[in-house]
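Taken together, the values in this text are just the output of simple stated rules run on the coordinates, not laboratory data. Nothing here was measured: the structure is a model prediction, and the numbers come from that model. Here the Cβ positions follow ideal geometry from the backbone for every residue, glycine too, while neighbour counts run over all protein chains shown.
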Amino acid sequence: MDVALVGVGKIALDQHVPAIMASMDWSLSATVSRTGKVNGVRTYRDFAQMLTDRPDIRVVSLCMPPVPRFTYAAAALDAGRHVMLEKPPGATLSECHMLAAMAKERGLTLFATWHSREAAMVQAAKTWLASQTLRDLEVVWKEDVRRWHPDQDWIWEPGGMGVFDPGINALSILTEILPVTIHLRAATLEVPEGRQAPIAATLDFIHPQGADVSAVFDWRQEGTQNWSIEATSTTGRMRLSDGGAKLEINGAVVTSNDKDLNGIMGEYPRLYHKMAALIADGISDVDLAPLRHVADAFMMGRRIIVAPFIT
């Protein structure tokens, strides 16, 4: 299928383009961007013009920041195109629910992607937790914002989500691997002076069986980056690290060939393979559980003003 990639920034060039190019399901037929481009692919500056010029392109993959994404997604659905959304799927829950309703009314596929769920060892961690009685679980997601989001001021604006931009990756894994539904008890948000979004956050969750579940997100981490989830059950201990790429059970490394049942390797290749399957089946996948936790944190979180952030 022909696909148009809208928003040609770092994540698009690092992940989306290689995944599309390597896929048997897809052909990258156009991009839409003010400044970015992919060699050998027609670039449009105007999204509406692309939709008009290219009725052959059935699928649009949206990679721009979350605030403007709703307008593009709605336009694509109105034009009869299937839509794939980079995480987070929108700036608000209401936007996402509206898009899901539009897709359903038009018989189109809408896919809210969570790439971290496709990490190599996430499903193995999910299987282990399903057989355990959980005592406690701690998420630690600490990285250097200057390394991963250089000169990107939009992440500090309303809707940019701040540290929840990477933190939602952790929440996407957490909501995938836990066999029960949790909800937020309390949160603390550390907001740099003069900014609108947090640079760090701590979350405390209510687990229906009483386990202690918490998360710490921090964008000020220098040196070694830490993306890990550690859990203790009544019979053992699990550590899922490197953003879901590595798993240890009771201190022993669990190995994987990083392939699912379809033989597809890598987070983004698996997302695009799944998008093709969703379209073939005529269904959507719009799981908003990770975004719901972020919304709860912004509603419930106690805000602390901290030192200004200077890029």
Taking the Cα centre of each part, how many Å lie between the stretch 47-97 and the stretch 211-238?
34
What's the ranking of 82-89, 187-194 by average number of surrounding C-beta atoms within 10 Å, highest first?
82-89, 187-194
Under 11 Å from the Cβ of Trp141, count the other residues' Cβ atoms, weight Lys and Arg +1, Asp and Glu -1, and hand me the total.
-3
Listed residues Ala119, Thr31, Pro68: farthest to the positive end of the dipole of the chain (Cβ charges):
Thr31
Relative frequency of Cα-Cα separations exceeding 28 Å in the chain, percent:
41
Can you give me the relative contact order of the chain as a percent, contacts being Cα pairs under 8 Å and 6 or more apart?
20
Over the stretch 2-112, calculate the relative contact order: mean separation of alpha carbon pairs under 8 Å at least 6 apart, over the residue count, as a percent.
24
For the chain: lysine pairs with Cα atoms under 24 Å, gap of 8 or more or different chains, count?
20
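Compute the Cα gyration tensor for the stretch 1-57, then decide on rounded, prolate or oblate, letting a ≥ b ≥ c be the square roots of its eigenvalues: rounded whenever a/c is under 1.5, prolate when a/b is larger than b/c in the other cases, and oblate in all that remain. Intermediate values should be presented prior to the final figure.
Details: a/c = 2.27, a/b = 1.17, b/c = 1.95.
Oblate.
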If each K or R counts +1 and each D or E counts -1, the residues other than Asp285 whose Cβ falls under 15 Å of its Cβ total 0
Note on the stretch 1-51: contact order normalised by length, alpha-carbon pairs under 8 Å, 6 or more apart, percent, works out to 37
Counting only helical runs of four or more DSSP H residues, what would the 222 nm mean residue ellipticity of the chain come to if each run contributes -39,500 (n - 2.57) and the total is spread over all its residues?
-9000 deg cm²/dmol
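Ile305: net charge of surrounding residues, Cβ under 14 Å, Lys/Arg +1, Asp/Glu -1, itself excluded?
My count for the surroundings of Ile305 gives +1.
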